[in-house]
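I have placed the structure first, in the form of structure tokens, so that the comments after it can refer back to it.
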Amino acid sequence: MWGSQTKKRWMRPSSGLLSAPTPLSAVKMPQILKILAAKSAEGLSFNAILLELVAISGTMAYSIAHSFPFSTWGEAFFIMLQTVSIGFMVQHFGGQTRRGLAFLFTYFALLALLLSPLTPSMVVTTLQVSNMPTATTSRVSGTHTHTPRSWEEGRLS
């Protein structure tokens, strides 16, 4: 899909690696802090988080594969890290810490595979094209897991 030249190119400062992502890249921090303070991720759908990660990962992989500068996909990278953290916390605070650790290992292993030359470019392109439907589905499926209590307490995020 892309050779060692491309891999090295996106790591060079001239490609925008040192460009700062926008402040929106910390968009999930209030949610993370709220989950940590409450020691609960009640009302959050793990399946919706997985779908959101598919959409974010597709965007990142496509951008990296096409040698876009870090400034164009850095925000997705930071949002991905926050979303993965939330996914782990959903499992951890649900009493499934081992499952959460397995999730982290599996996600990052799959992401490494997705970013490797072993992944056909058509797979990366398909993920990018399906980004909007996947993100929309994650939002819709996430609303079905909220309890009436979480609606009343304003815990939707």
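Data table
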| read-out | value |
| --- | --- |
| Pair list, Cβ < 6 Å and 6+ apart or interchain, from region 84-99 residues that are more than 21 Å from M29 (Cα to Cα) to residues that are surrounded by 15 or more Cβ atoms within 10 Å (Cβ to Cβ) and of a type outside the set (A, V, I, L, M) | R99/Q91 |
| Region 31-63 - residue that is farther than 24 Å from R99 by Cα and touching a residue at least 60 places away in the same chain (Cβ under 8 Å) and, of those, least open to solvent (accessible area, probe 1.4 Å) | A61 |
| Test: residue in region 97-115 that is crowded, with 16+ Cβ neighbours inside 10 Å and not in a helix (DSSP H, G or I) | no |
| Of the criteria (1) over 19 Å from L113 (Cβ atoms); (2) of a type in the set (F, W, Y); (3) modelled with pLDDT under 90, which one F68 fails | (3) |
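The values are calculated or read from the model by the stated rules, or taken from the named source; none is laboratory data. Nothing here was measured: the structure is a model prediction, and the numbers come from that model. Backbone-built Cβ (ideal geometry, glycine too); neighbour counts: all protein chains shown. To get the accessible areas, we keep the full protein, side chains included, count just its heavy atoms, and leave off ligands, DNA and RNA. Shrake-Rupley method; radii C 1.70, N 1.55, O 1.52, S 1.80 Å.
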